[in-house]
Amino acid sequence: MPVKNRFAELQAEITEWRRDIHQHPEILFETHRTSALVAEKLRAFGCDNVVTGLGRTGVVGVIKGRGSSDKVIGLRADMDALPIHETTGLDYASKTDGAMHACGHDGHTAMLLGAAQYLSETRNFDGTVVVIFQPAEEGGGGGKEMCDDGLMDRFGIQEVYGMHNWPGMPVGAFAIRPGAFFAAADHLEITVTGKGGHAAKPHETVDPTVCAAQIVTALQTIASRNADPVSQIVVSICSFQTSSKSYNVIPSSVELMGTVRTMSNENRDLAEKRIAEICNGVASAMGAEVDVRYKRNYPVMANHADQTEFAADVARSVAGKCDEAPLVMGGEDFAFMLEERPGAYILVGNGDTAPVHHPEYNFNDEAIPAGCSWWAEIVEQRMPLN
């Protein structure tokens, strides 16, 4: 029976798992219920080894095929939810106020569980597959924590593959691109300190609000005047907070927070350098002081060429074709795994749904057969039985 047909039969069961996880979202590393559910199912499937507590709350299952090959492939899904209040009105909506699966990690987890069940039952491959269930993709760097805990070396992983659903793409369609795919996502905090006072006497103050406003505007010249126009770079100041809340008081300080997104290490270095120079220059010109804190967070997620070509071929065998994906300025901590091992990350269509990170978003269960099939075919085609 073709793999995709088998997952069509399993779709109702996998959907039940997905909707159960959806009702019980857990944020960052607090995926205790989800991790326990995953570990329980992996043991029930008959995985050869199930390891918990990797990267704090990560779960790993090992499935050995039929044969003597020492080839080992890792398949990774993320488990964590977002601090967003769900407004879908679904009968299986989040039961946790202020938390929801607004990015489809419930679907990713369920699809990889479905693939693990199939692979454990059939063992129609020569080698070993390591299924990786990761916490804290949404800003916590759970992928890095699992790698720092020895994920790749401990399980002998040689290649690693990841998948994300994508609203706006037809359900079950695939898209991928080689090289830089998702952006580096860095954090920026800036404190501007001046001298507060009465709004009617600005000449007696050093107004940090005006200085901070100038900084916000000047930072936009990094993309428009410092970086190559054909490169991708975003500097966004997303929070502007003064030390007072009043109609007639000039505050003593302003706190700015933002993010920097780049698609190359060169532009990442450029952004960090120019941000410091611009902030210090503007503050000096206006008689204020400034403290700039630039934190490098997720690196650029770059697909490896050979694995990308293979992943696209597998997608074509499942869906008939595989499109070229656009560059994505969002961050993805699968980047840490791709820095340690060659691999590839693919998008699977979620249909005409609300975008990810939206309170009305929901993973499309009709994508389950295609997603599960891609996981299974990655294993069976990369490690075929002779």
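No lab work stands behind these numbers, since they all come straight from the coordinates. All of these numbers come straight from a predicted model, not from anything done at the bench. Neighbour counts run over all protein chains shown; Cβ positions are idealised from the backbone, glycine included.
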- Estimated Rh, the range 337-386: Kirkwood, alpha-carbon pairs, angstrom: 13.4
- Message: How far apart, in nanometres, would the label points at Asp291 and Lys273 be if each is projected 7 angstrom from Cα along the Cα-to-Cβ direction?
- Response: 2.6
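Can you give the extra length, in nm with one decimal, that the chain gains between Ser244 and Glu189 once fully stretched, where that is 0.36 nm per residue apart less the Cα-Cα distance?
Fully extending the segment from Ser244 to Glu189 adds 18.0 nm.
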- Task: Using θ = phi - 60° and the Karplus relation 6.51 cos²θ - 1.76 cosθ + 1.60, list the HN-Hα couplings for the range 291-304 in order, rounded to whole Hz, with x at every Gly or Pro.
- Result: 10, 10, 10, 10, 10, 6, 10, 6, x, 4, 8, 10, 6, 8
- Simple spin-label model, 7 Å along Cα-to-Cβ: Asp20 to Asp70 in nm? 3.9
- Message: Suppose a student asked you for the relative contact order of the range 258-359, using Cα pairs under 8 Å spaced at least 6 residues apart; what percent would you report?
- Response: 31
- Message: Taking the Cα of Asp91, stepping 7 Å toward and past its beta carbon, and measuring to each backbone N in the range 5-24: which are under 20 Å?
- Response: 11-24
- Item | Dmax and Rg, reported as Rg then Dmax, of the chain (C-alpha, Å) | 23.6, 84
- Message: Based on alpha-carbon centroids, what's the gap between the range 115-135 and the range 310-373 in Å, whole number please?
- Response: 19
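Report the calculated FRET efficiency for Gln220 and Leu385 (r = Cβ-Cβ distance, R0 = 56 Å), to the nearest 0.05.
So the FRET efficiency works out to roughly 0.50.
At 0.890 mPa s and 25 °C, plugging the Kirkwood radius over alpha-carbon pairs of the range 294-340 into Stokes-Einstein gives what diffusion coefficient in µm²/s?
198
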- Item | Within-14-Å neighbourhood charge of Pro342 [Cβ basis; K, R +1; D, E -1] | -1
- In degrees rounded to 10, the 0-90 angle between helix 208-219 Cα long axis and the longest Cα principal axis of the chain is 50
- Query: Over all distinct alpha-carbon pairs, what is the Kirkwood Rh of the range 249-326 in angstrom?
  - Reply: 16.7
- Message: Residue by residue through the range 362-372, what is 3J(HN,Hα) from phi via Karplus (6.51 cos²θ - 1.76 cosθ + 1.60, θ = phi - 60°)? Round to whole Hz and write x for glycine and proline.
- Response: 8, 5, 8, 5, 5, 7, 4, x, 5, x, 4
- Per q in 0.12, 0.15, 0.16 1/Å, what log10 I(q)/I(0) does a Debye calculation on the alpha-carbon atoms of the range 81-238 return? -0.88, -1.14, -1.20
- Message: Restricting to DSSP H runs of at least four residues, report the calculated mean residue ellipticity at 222 nm for the chain, -39500 (n - 2.57) per run over all residues, nearest 500 deg cm²/dmol.
- Response: -11000 deg cm²/dmol
- For the range 184-298, what ratio Rg/Rh do Cα atoms give with a Kirkwood hydrodynamic radius? 1.03
- the chain: angle of helix 105-122 to the longest principal axis, Cα-based, in degrees nearest 10: 20
- Amide H within-cut-off set for Val300, under 5 Å, with H built and near neighbours excluded: Ala184
